[in-house]
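**Student:** Questions regarding the structure given below will be posed in turn.
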Amino acid sequence: MTTPALEIEHLTKTYRNGVRALRGVDLRVEEGEFFALLGPNGAGKSTTIGIICSLVRKSGGRVAVFGHDIDHEMEAAKSCIGLVPQEFNFNQFEPVEEIVINQAGYYGISRRRARPRAEACLRQLGLWDRRRVMARELSGGQKRRLMIARALVHEPRMLILDEPTAGVDIEVRRSMWAFLRETNARGTTIILTTHYLEEAEALCRRVAIIDHGRTIENSAMRDLLMQLHMETFILNTREALAEVPAVEGYTLRRVDEHTLEADVERDRSVNGLFEQLSRQGVHVLSMRNKSNRLEELFLRRVGRAGA
Amino acid sequence: MTPSQQGAAFLTLLIKECLRFLRIWVQTVLPAAVTMSLYFLIFGGLIGSQLADIHGLRYMDYIVPGVILMAVINNSYANVVSSFFSAKFQRHVEEMLVSPMPDWLIVAGYTAGGMARGLVVGVAVTAVAAWFTDLRVHSWPVVIAVGLLTTMLFALGGFINALFARSFDDISIIPTFVLTPLTYLGGVFYSIDMLPGFWQQASRLNPVLYMVSAFRYGMHGVADVPLAVSFALIAGFVVVLFAAAVWLLRRGVGVRG
Ligand SMILES: Nc1ncnc2c1ncn2[C@@H]1O[C@H](COP(=O)(O)OP(=O)(O)OP(=O)(O)O)[C@@H](O)[C@H]1O
Ligand SMILES: [Mg+2]
């Protein structure tokens, strides 16, 4: 077996104020993966990331980054990681380009070599035109992108993003997705936390869920989604319906004149439903998932379904 | 990190720190020049002209080394305490904490930045002093060595203060209640020979006295305490404070959750 990009065993953390943020987190991320780290607010995602990057001191357990144990080979471990933290943490009064060049410097890259790298990163994230501006003058979305540029300037083997798309508009989010996919395709391992589950579903091939400081799920996205036995679709019909059409093998509910909700079990095809509806002269104009599939699973796993 | 990477990282910190205080020189360099020229004017010129010589020096000349050193001390301390505390406050200290820079390198980088500010201010105040009186230098090596060691010592003190500080109030407590009394009572404006017996002995517990004395020796060739004692003491403090700063940073005091 090859060395995993990240290996975490029985990680625990009790903050000084007594909060037990982590009660036993186990994770294994293989090199080259695009990995989703999910969990409700306060689950311990940022704490876990903080420990990996040495911003937070662990209470117990083991963390190794590309085989480098953070207790013994901290420098080697840190050199492999680029971090995009949840909260803005750059000097608001420093020019954008300077922030990226300095970060390269902290990784031992001289200014002369850092300049072209900073330029490449800022161009890729669409910030080159803003390079002389003070960081505080950037918009929220631009600040997020600045933190991505900063995290990539030393060409880390693993990129960790803690809610990088929070408060970012749809267009920018899509372009960030494309950028992250490319980065991953070039071989960078990516760990992403997000509360937009469709984002995790679209990008990540593996997923872990943390809840109350414990890993409660760690599997391939596909396997996880397979656990969903039933999906609910929303159908828009051309005909106004006075009552729920009678169909066999599916559960239908009427939402309003032109809208139906249909529960479809995973081993049944949707075709059967359409056939029965057509026979009754009901035409479906459009159809969509009632909720994101991952979202449904997530809510069940963290025990808050229907809450 | 390889030594050359460490060199690049150190330079990054030093350049960043220098740019920071030079960019806001009106707040960081100018005030000392203005305040100290008032000291020279009032204590040295107006009051000093009425006073007897000390150790064969005109009062104005006697206070010049101490006043320069006072500015150097305040500014090397202030630079690091405010820069590192605001890095904590705005959280960009995390940029350094996630990097592979060893703790001693971060301490060294900030200390060098504080030394740079102390030295720039020192040169500015010296230039002001030259306007009031003829400056002489008895021994350049002593002046330079005392200048470097003193800035280093107080820059390290500022770093430790910033680690413990939780609010902007905490970064002015030490300068106000510790540094200022120590410098005023450190023989800047008088020779400890002029004090009654008890206070003479008490003054010997004040580390600033040894620096002022050594610096005055560098400029005028007269000292309150032996030069070797001064150097041993300052160097000892530097070693202890550097070790303390690195240890505290490694433990994450004030910066790691
Ligand atoms: N510095 C700290 N001191 C004390 N408690 C903390 C600290 N940081 C986080 N916590 C607590 O630890 C727990 C886990 O927080 P953490 O930030 O890791 O959650 P998260 O999964 O990232 O949540 P979110 O999705 O809201 O970002 C929470 O109960 C939080 O209040
Ligand atoms: Mg978080």
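The values are calculated or read from the model by the stated rules, or taken from the named source; none is laboratory data. Everything quoted here is computed from the prediction, not taken from an experiment. In this analysis, Cβ positions are derived from the backbone assuming ideal geometry, glycine residues included, and neighbour counts consider all displayed protein chains. Areas reflect the complete protein model, heavy atoms only, side chains present, ligands, DNA and RNA absent. Shrake-Rupley method; radii C 1.70, N 1.55, O 1.52, S 1.80 Å.
**Student:** Can you find, among A:Ile109, A:Val29, A:Val56, the residue sitting farthest towards the positive end of the charge dipole of the range A:6-225, where Lys and Arg contribute +1 and Asp and Glu -1 at Cβ?
**Tutor:** Toward the positive end, the furthest listed residue is A:Ile109.
**Student:** Of the accessible area of the range A:228-306, with the probe set at 1.4 angstrom, what percent is carbon plus sulfur?
**Tutor:** Working: 2180 of 4830 Å².
Of the solvent-accessible surface of the range A:228-306, carbon and sulfur hold 45 percent.
**Student:** For B:Tyr210, A:Tyr106, A:Tyr15, write out the residues from largest to smallest accessible area, computed with a 1.4 angstrom probe and no ligands counted.
**Tutor:** Working: B:Tyr210 25, A:Tyr106 0, A:Tyr15 65 Å².
Reading off the accessible areas and sorting them downward yields A:Tyr15, B:Tyr210, A:Tyr106.
**Student:** If you fit an axis through the alpha-carbon atoms of helix B:59-89 and take the longest principal axis of the Cα set of chain B, what angle between them do you get, 0 to 90°, nearest 10?
**Tutor:** Once rounded, one gets 10 degrees.
**Student:** At 222 nm, what helix-only mean residue ellipticity would chain A give, in deg cm²/dmol to the nearest 500, using -39500 (n - 2.57) for each DSSP H run of four or more? Show your work: numbers first, answer last.
**Tutor:** On the way: 10 runs with 99 residues, N = 307.
Roughly -9500 deg cm²/dmol at 222 nm, from the helical runs in chain A.
**Student:** Oh, and also: Indicate the gyration tensor shape class of the range B:1-105 (rounded, prolate or oblate), computed on the Cα atoms with a ≥ b ≥ c the square roots of the eigenvalues: a/c under 1.5 is rounded; otherwise a/b larger than b/c is prolate and the rest oblate. Write out the running numbers ahead of the final one.
**Tutor:** Values: a/c = 3.93, a/b = 2.63, b/c = 1.50.
Judged from the Cα gyration tensor, the range B:1-105 comes out prolate (a/c at least 1.5, a/b above b/c).
**Student:** Between A:Glu33, A:Glu94, A:Glu155, find the one with the highest GNM mean-square fluctuation for chain A; connect C-alpha pairs within less than 10 Å.
**Tutor:** Answer for the Gaussian network model of chain A: A:Glu94.
**Student:** At a probe radius of 1.4 Å, what is the per-residue accessible area of A:Asp71, in Å² to the nearest 10?
**Tutor:** About 90 Å², rounded to the nearest 10.
**Student:** Now for a separate question. Under a 1.4 Å probe, what is the accessible area of the range A:6-225 per residue, stated in Å²? Walk me through the intermediate numbers first.
**Tutor:** Working: 8680 Å² over 220 residues.
Each residue of the range A:6-225 exposes 39 Å² on average to a 1.4 Å probe.
**Student:** Mean residue ellipticity at 222 nm from the helices of chain B, using -39,500 (n - 2.57) per DSSP H segment of n ≥ 4 over the full residue count, to the nearest 500 deg cm²/dmol?
**Tutor:** Values: 12 runs with 182 residues, N = 257.
Dividing the helical sum by the residues of chain B leaves -23000 deg cm²/dmol.
**Student:** About the Cα centre of the protein assembly as shown, how large is the charge dipole given +1 on each Lys and Arg Cβ and -1 on each Asp and Glu Cβ? Please answer in debye to the nearest 20.
**Tutor:** Values: 59 positive and 53 negative charges, 154 e Å.
Computed about the Cα centre, the dipole is about 740 debye.
**Student:** I've got another one for you. Residue by residue through the range A:72-85, which ³J(HN,Hα) values in whole Hz follow from phi under the Karplus form 6.51 cos²θ - 1.76 cosθ + 1.60 (θ = phi - 60°), with glycine and proline marked x?
**Tutor:** With coefficients 6.51, -1.76 and 1.60, one gets 10, 10, 4, 4, 5, 4, 5, 4, 7, 10, x, 10, 10, x Hz.
**Student:** List, in order, the whole-Hz ³J(HN,Hα) value for each residue of the range A:24-32 obtained from phi through the Karplus relation with A = 6.51, B = -1.76, C = 1.60 and θ = phi - 60°; use x for Gly and Pro.
**Tutor:** Once θ is set to phi - 60°, the couplings for the range A:24-32 become x, 9, 10, 8, 9, 10, 7, 4, x Hz.
**Student:** Considering only A:Ser219, A:Ser175, A:Ser269, give the residue with the highest GNM mean-square fluctuation for chain A, with springs between Cα atoms whenever their separation is below 10 Å.
**Tutor:** A:Ser269
**Student:** At a 1.4 Å probe radius, which order do B:Lys16, A:Lys58 fall into by accessible area, largest first?
**Tutor:** Numbers: B:Lys16 25, A:Lys58 50 Å².
Greatest to least solvent exposure: A:Lys58, B:Lys16.
**Student:** Turning to a different aspect of this structure: May I ask which of A:Lys13/A:Lys78; A:Lys143/B:Lys16; A:Lys13/A:Lys290; A:Lys143/A:Lys290; A:Lys45/A:Lys78; A:Lys58/B:Lys16 have a Cα-Cα span longer than 29 Å here?
**Tutor:** Values: A:Lys13/A:Lys78 20 Å; A:Lys143/B:Lys16 21 Å; A:Lys13/A:Lys290 38 Å; A:Lys143/A:Lys290 33 Å; A:Lys45/A:Lys78 18 Å; A:Lys58/B:Lys16 31 Å.
A:Lys13/A:Lys290; A:Lys143/A:Lys290; A:Lys58/B:Lys16, as the Cα separations exceed 29 Å there.
**Student:** Still on this structure, please answer the following. What accessible area, summed over both chains, is buried at the A-B interface (1.4 Å probe, Å², nearest 100)? Can you show the working numbers first?
**Tutor:** Values: alone 15520 and 12180 Å², together 25040 Å².
In total, this chain pair buries about 2700 Å².
**Student:** Same structure, new question: Based on C-alpha coordinates, I'd like the Rg and Dmax of the protein assembly as shown, in Å.
**Tutor:** 32.2, 118
**Student:** Please quote Rg/Rh for chain A to two decimal places, taking the Kirkwood radius as Rh and restricting both calculations to Cα atoms. Intermediate results must be reported in sequence, preceding the final value.
**Tutor:** Values: Rg = 23.2 Å, Rh = 21.7 Å.
My calculation puts Rg/Rh at 1.07.
**Student:** Evaluate the relative contact order of the range B:3-251 (contact order divided by residue number), counting alpha-carbon pairs under 8 angstrom at least 6 apart; express in whole percent. Walk me through the intermediate numbers first.
**Tutor:** Details: 324 pairs, mean separation 62.6, N = 249.
Once normalised by length, the contact order is 25 percent.
**Student:** What figure in square angstrom, to the nearest 10, would you give for the accessible area of A:Arg57 with a 1.4 Å probe?
**Tutor:** Near enough 90 Å² of accessible area.
**Student:** P(r) for chain B: what percent of alpha-carbon pairs falls in each 5 Å bin, starting at zero?
**Tutor:** 1, 6, 13, 17, 19, 15, 12, 8, 5, 3, 1, 0, 0
**Student:** Follow-up. Could you work out the mean projected area of the convex hull around the alpha carbons of the range A:193-307, in square nanometres to one decimal?
**Tutor:** For the Cα atoms of the range A:193-307, the hull's average projected area reads 8.2 nm².
**Student:** So how exposed is B:Asp53, as accessible area in Å² (1.4 Å probe, rounded to 10)?
**Tutor:** Accessible surface of B:Asp53 is approximately 100 Å².
**Student:** Also, I was wondering about something else. Quick one: angle between helix B:227-251 and the longest Cα principal axis of chain B, in degrees between 0 and 90, rounded to 10, please.
**Tutor:** 20
**Student:** Leaving ligands and nucleic acids out of the surface, order B:Phe21, A:Phe298 by accessible area at 1.4 Å, largest first.
**Tutor:** Values: B:Phe21 0, A:Phe298 25 Å².
Correct descending sequence by accessible area is A:Phe298, B:Phe21.
**Student:** Once amide H atoms are placed 1.01 Å from N in the peptide plane, what residues at a sequence separation of 5 or more from A:Arg57, or on another chain, have their amide H within under 5 Å of its amide H?
**Tutor:** Placed amide hydrogens put B:Gly257 under 5 Å from A:Arg57.
**Student:** Select from A:Gly249, A:Gly61, A:Gly24 the residue whose mean-square fluctuation is largest in a Gaussian network model of chain A (Cα-Cα springs shorter than 10 Å).
**Tutor:** Residue with maximal mean-square fluctuation among A:Gly249, A:Gly61, A:Gly24: A:Gly249.
**Student:** Nearest 10 degrees is fine. How inclined is helix B:103-132 to the longest principal axis of chain B, computing both from alpha carbons?
**Tutor:** Helix B:103-132 sits roughly 30 degrees off the main axis of chain B.
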